[in-house]
Amino acid sequence: MFYCRDDQGEYECSFADKFVLPLFDGLDASPIATAVKASAMVVPWAGVAHLLALGLLGGAIFMADAKALGAGLKSHTTADVERNVRPILFAAVALAIVSGGILALGELKKLYYSPPYWLKMATFASALLFTFGVRNRLIANAGKGDRLTYAIWAAIGVAWLGVFAFMSNWLARGALFLLLGALGATVWRRRATLGPNDLALSVAAICSIVLWLTTAAAGRWIAFY
Amino acid sequence: MRDFIVMLNETPWSIALRESLYVWPILEATHVLTIMLFAGTILMVDLRLLGLTFKQTTVSEMTERVLPWTVAGFILLVITGSVLFYAKPLVYYHNIFFRLKMLFLVAAFANILYFHKRAQANVAEWDLTAPPRSARISAGLSLAAWTAIIVAGRMIAYDWYDCGKLRPGGFLAVAASCPAPLAQSSEE
């Protein structure tokens, strides 16, 4: 337990209230946040840019993951496909972060108290780490992963399932298990033709799709919550 | 037309949909997330036609292996979009951005027709090389049209140009088919 202070004196508060809330409050009072909130047009256009980034991101993620799952382009290896979409993925992530940052500056006080926002940040961080730390490393080695790759994978799995179990409601969990089931069934159906390396790639593709979709869904849910 | 929309607006299912706690957000979220599949895959095909990515892939492989996913995404977008429209038909009917979006959709479709009937007709001649001007222009138009559709779609949520805020008889009020001010109370 921590102690926070206001003009009435000290009171018991959480770690986040003591150390994270002041950051949000400080940022909210900054000139740039004030400017964003004062403008009627900045937030809507940042929302548009965020949505376009979602489209770019979806394409870049889908092309490589679909290929790893046996759909999409035929005459290429997954590594070829991933190389072709990598610049698009970088552009999408950069645009999403910049536009998302501007959107956040417009409603910091709401976001601090928004579970979907924190869920989104957690899945976004895991999705980024997973895509570059696990999936792309597997793809580059035709599905063969080293110990570090699997260690990152396990860490993300544990952390993310924990976050998901604690922070989301039955609706989100139901959707997650439906998605996992559908994708798992896809791999199961193809299991006869899959070697161990293809299997690792397929499962990584499933994780990538689920992580990015959860991030997008949680992001959309910020507005509904 | 408006009478039909008003009738649609008062059907029990329409009212239930727009007042629902979860169904409307789930439909809307599905609509938005499907952009990842639809816009993402059409973008890849357009970028290939423009010679910006997948340069070692034939155009016909892109259209045969990627476009079916685009179509699947589009079907999901039309289904969720139609149900969303049915939930608030009168609001969307008078929404200037919704009308713009439908216009851009028509333009996008005209471009698709042009591409498949004309630009793509001799694809065998340039399958692995740079597509001809007509195909590249079509790809550029496709990117522009779908971007415009996403922009207009996002702006539907804002009420800056709702009938109540427009000058009666003005250009925008006419473009949105706003009813005469007296009848406006039925809008709310």
Scope region A:193-225; condition in contact with a Pro (Cβ under 8 Å, 6 or more places away or on another chain) and either under 14 Å from residue A:68 (Cβ atoms) or of a type in the set (A, V, I, L, M, F, W, C) (or both); matching residues: A:218, A:221, A:222, A:224
Positions within region A:67-91 being of a type in the set (Gly, Ala, Ser) and more than 9 Å from chain B (Cβ to nearest Cβ), in sequence order: A:68, A:70, A:79, A:91
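Just checking, does region B:10-20 include any residue being within 12 Å of chain A (Cβ to nearest Cβ) and either part of a helix (DSSP H, G or I) or at negative phi (or both)?
Checked against the condition, which is being within 12 Å of chain A (Cβ to nearest Cβ) and either part of a helix (DSSP H, G or I) or at negative phi (or both), region B:10-20 yields at least one hit.
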Selection count, region A:11-64, where residues are within 14 Å of another protein chain (Cβ to nearest Cβ) and not in a helix (DSSP H, G or I): 3
Criterion: under 22 Å from the mean Cα position of the chain (by Cα) and farther than 30 Å from residue B:59 by Cβ - qualifying residue of B:86, B:114: B:86
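Just one of A:10, A:82 is outside the structural domain of residue A:118 (by TED's automatic domain parsing), charged (D, E, K, R) and on the phi < 0 side of the Ramachandran plot; which is it?
Just one listed residue meets the conditions, A:10.
Taking the stated definitions as given, is residue B:132 free of Cβ contacts under 8 Å to residues at least 24 places away in the same chain, under 26 Å from residue B:2 (Cα atoms), away from chain A (no Cβ under 14 Å) and not basic (Lys, Arg)?
So residue B:132 fails the test.
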Residue A:141 surrounded by 21 or more Cβ atoms within 10 Å (Cβ to Cβ) and without any contact (Cβ under 8 Å) to a residue 60 or more places away in the chain: no
Conditions (1) of a type outside the set (S, T, N, Q); (2) in contact with an Asp or Glu (Cβ under 7 Å, 6 or more places away or on another chain); (3) under 20 Å from residue A:114 (Cβ atoms); number of the one not met by residue A:173: (2)
Lone unmet requirement of (1) without any contact (Cβ under 8 Å) to a residue 60 or more places away in the chain; (2) crowded, with 18+ Cβ neighbours inside 10 Å; (3) within 13 Å of chain A (Cβ to nearest Cβ) for residue B:23: (2)
2 or more residues within 14 Å of chain A (Cβ to nearest Cβ) and more than 18 Å from residue A:76 (Cα to Cα): qualifying helices (runs of 4 or more DSSP H) within region B:38-118: B:67-87, B:96-114
Scan of region B:144-155 for residues that are surrounded by fewer than 18 Cβ atoms within 10 Å (Cβ to Cβ) and within 11 Å of chain A (Cβ to nearest Cβ), ordered by number: B:147, B:148
Lone unmet requirement of (1) in a helix (DSSP H, G or I); (2) away from chain B (no Cβ under 14 Å) for residue A:178: (2)
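The values are calculated or read from the model by the stated rules, or taken from the named source; none is laboratory data. Since this is a predicted model, take the numbers as computed values, not measurements. Ideal geometry is used to build each Cβ from the backbone, glycine not excepted, and the neighbour counts take in all protein chains shown.
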